[in-house]
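The values are calculated or read from the model by the stated rules, or taken from the named source; none is laboratory data. Owing to the predicted nature of the structure, the values given are computational and were not obtained by experimental measurement. Here the Cβ is made from the backbone with ideal geometry for all residues, glycine too, and neighbour counts use every protein chain on show. Side chains are part of the model used for accessible areas, which takes the heavy atoms of the whole protein and leaves out ligands, DNA and RNA. Shrake-Rupley method; radii C 1.70, N 1.55, O 1.52, S 1.80 Å.
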Amino acid sequence: MVSNDPATDPACAVAHGDVAPERSDRVLVAVFSSPVAEHLLRYGADLGFRGLLLEPDKERADDPRFAPFEVVTEPPGGLGAAADVVVTDHHRAELGPVLRDVLALPVRWIGVMGNPRHPAPHVPALTELGVPAGDIARVHRPIGLNIGSRTPPEIAIATLAGLLADRNGRPGGFGF
């Protein structure tokens, strides 16, 4: 039987504000400056992620919406098993090189946003760069829960919910 008593159920105690949620070493990397990236990082911070924007275009990297977060122009070498990477714009010319560089790191999870009814642009971009098929297969697409998201905040919520489901070993309703 599941308890709803904050004294005996740690999750209930957190929900009632009786104890602080655990902070972790989780890192959320949003790739490319976009409205979805802004919401991902903002909401991710509330979920205990350290937010990082990876924007190779130096002019776009100066976007003031991302001032509260660390902004880098290339994947930092220190990313490891606590990092989740989300590509928020699959139309950018830098898609292949950025993903190739991220795939060289031991990050936990990599995903590319995009309509599941359209071909995945990262596959030919990475293939052209000589990235092995096994590495390309590490890239998730589609990402996020299938909740019918249409706006940047909704897409960010669906994506973060999917990451949490994956981190917790839950199916999360990914079916499209």
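Things to note:
- Filter result for Ala61 (out of contact with any Lys or Arg (no Cβ under 7 Å at 6 or more places or on another chain), over 16 Å from Asp89 (Cα atoms), without any contact (Cβ under 8 Å) to a residue 60 or more places away in the chain and among the aliphatic types (A, V, I, L, M)): no
- Only residues that are part of a loop (DSSP other than H, G, I, E, B) and surrounded by 15 or more Cβ atoms within 10 Å (Cβ to Cβ) were counted in segment 48-69, giving 5.
- Check on Thr88, closer than 28 Å to Thr127 by Cβ, under 10 Å from the mean Cα position of the chain (by Cα) and hydroxyl-bearing (Ser, Thr, Tyr): yes
- Those helices (runs of 4 or more DSSP H) lying entirely in segment 94-176 with at least 3 residues touching a residue at least 60 places away in the same chain (Cβ under 8 Å), in contact with a helix residue (DSSP H, G or I) (Cβ under 8 Å, 6 or more places away or on another chain) and buried (at least 19 other Cβ atoms within 10 Å of the Cβ): 152-167
- When segment 120-143 is limited to residues that are out of contact with any strand residue (DSSP E or B) (no Cβ under 8 Å at 6 or more places or on another chain) and small (Gly, Ala, Ser), the one that is farthest from His91 (Cα to Cα) turns out to be Gly134.
- Val86 outside any strand (DSSP E or B) and open to solvent by less than 20 Å² (accessible area, probe 1.4 Å): no
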